[in-house]
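The values are calculated or read from the model by the stated rules, or taken from the named source; none is laboratory data. The shown structure was predicted, so the numbers you read here are calculated from the model rather than taken from an experiment. Neighbour counts are summed over all protein chains in view; Cβ atoms, including those assigned to glycine, are modelled from backbone coordinates with ideal geometry. Only protein heavy atoms, including side chains, enter the accessible area calculation; ligands, DNA and RNA are left aside. Shrake-Rupley method; radii C 1.70, N 1.55, O 1.52, S 1.80 Å.
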Amino acid sequence: MSLKELYTNEIRPKLAEEFDIKNPMLIPALEKISISVGLGEGGKDKKYIENVVNTISLIAGQHAVVTKAKKSIAGFKLREGMEVGVKVTLRKDRMYNFLKKLISIALPRVRDFKGVNRNGFDGRGNFSFGLTEQLIFPEVKYDEIIKVHGMNITLTTTGESDKEALRMLEMFGFPFTKGRNNG
């Protein structure tokens, strides 16, 4: 069963019952997943930028775009228009496919993995966390990597609170660390 079917058939009704939500439009849902990488000093190397774009595109299953600085900041030696990052936003089926791959394949490959820290919620039901290397994804070939880099992943939900979003992600099978509950 796909995660989309799991959400529609099992998770959605359980969330409505658990949080006593009468209006079906208010039941929390996963809206999008954003993956981003900051280039740092590598932003000056065209080959490295291309390598990061290819890697993130491969991981996400959708073409990633390069982000540019909106204004100059002298303290960071940053000029307007310089390439500073790579990002991709996944929605609908690609989002569920990536989430399934993340939960079942990539996260278990993290060394000494004890779960994802629950403190990544923003107070409005969105969850962000970071990965230290791209090599945990099976599509990435070690020989083709110029430099190991991490990435930030944000799961944006329609949930009203962190508690609703946390419960929904737990039902998807997201591996959170044991400990205190947000709410």
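Evaluate the following for L15: is it among the hydrophobic types (A, V, I, L, M, F, W, C), part of a helix (DSSP H, G or I), closer than 21 Å to P138 by Cβ and at pLDDT 90 or above? Criteria not met by L15. K114 meets the conditions (1) free of Cβ contacts under 8 Å to residues at least 60 places away in the same chain; (2) within 28 Å of D162 (Cβ to Cβ) in every case but one. The failed one is (1). Could you list, in sequence order, the residues of the stretch 84-132 that are open to solvent by less than 50 Å² (accessible area, probe 1.4 Å) and part of a helix (DSSP H, G or I)? Residues satisfying the conditions are M95, Y96, F98, L99, K101, L102, I103, A106, L107, R118, G120. Note on the stretch 163-182: residues that are touching a strand residue (DSSP E or B) at 6+ places or on another chain (Cβ under 9 Å), modelled with pLDDT under 90 and more than 18 Å from L102 (Cα to Cα) amount to 1.
Among the criteria (1) without any contact (Cβ under 8 Å) to a residue 24 or more places away in the chain; (2) open to solvent by less than 90 Å² (accessible area, probe 1.4 Å); (3) over 26 Å from T158 (Cβ atoms); (4) charged (D, E, K, R), the one K71 does not fulfil is (2).
Contact map, the stretch 162-178: first residue without any contact (Cβ under 8 Å) to a residue 60 or more places away in the chain, second residue open to solvent by 30 Å² or more (accessible area, probe 1.4 Å) and among the charged types (D, E, K, R), Cβ cut-off under 9 Å, separation 6 or more or different chains; pairs are D162/D122; D162/R124. The residue that is farthest from M171 (Cα to Cα), among those in the stretch 39-68 that are part of a strand (DSSP E or B) and open to solvent by 60 Å² or more (accessible area, probe 1.4 Å), is K68.
One residue stands out in the stretch 134-159 among those that are in a loop (DSSP other than H, G, I, E, B), surrounded by fewer than 15 Cβ atoms within 10 Å (Cβ to Cβ) and of a type outside the set (V, I, T): the one that is nearest to the chain's Cα centre (by Cα), namely G150.
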